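Contents: one structure, followed by commentary.
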Amino acid sequence: MNILLAADGSPYTKRMLGYVAAHEEWLGAHHRYVVVTAVPSIPPRAAAVLGRDVVKGYYDDEAEKVFKPIRAFFKQRGIAAEFVSKVGPAANVIAKQAESGSFDLLMMGSHGHGNLVNAVMGSVATKVIAQCKTPVLLIR
């Protein structure tokens, strides 16, 4: 099974990884794992002033802040994982990666806000569910 894990480095990402660890009977090393994170884009004018190398370094550093503890998690369990970082709005990045990678399951942590908060502010999880056809497992 191909499993996509959406990560942002928050405590909700840690809960998702805890879920993976606690359910090794069906989420073990015999699956293919890809971890994706979305790095918010730098405004175009700022990026032009900073230069291509500085901007790329910033994006890589931000992604690695999210990936470093997750790499350690998978290494400790002897599970191979691929890591992908994309620049853009989180919901769009996650949904596009889920669709383009032919994944069987998308796992992501969720803050668990109520419907009123989602209606006012929106939710990455809600937007992802609306945009992709891949089954989504939300961990709260």
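All of the numbers you see were taken from the coordinates with simple rules; none came from a lab. Every value quoted in this text rests on a predicted model; they were computed, and no experiment measured them. Quick reminder, even Gly has a Cβ in these numbers, built from the backbone with ideal geometry, and neighbours come from all protein chains shown.
What the table shows:
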| item | result |
| --- | --- |
| Estimated inter-spin distance, GLU82 and TRP26, nm [label 7 Å along Cα→Cβ] | 2.5 nm |
| Cα-based radius of gyration of the chain once divided by 2.2 N^0.38 Å, which approximates compact folds | 1.08 |
| Sequence-separation-based contact order of the chain, relative, with Cα cut under 8 Å and 6+ spacing, percent | 36 percent |
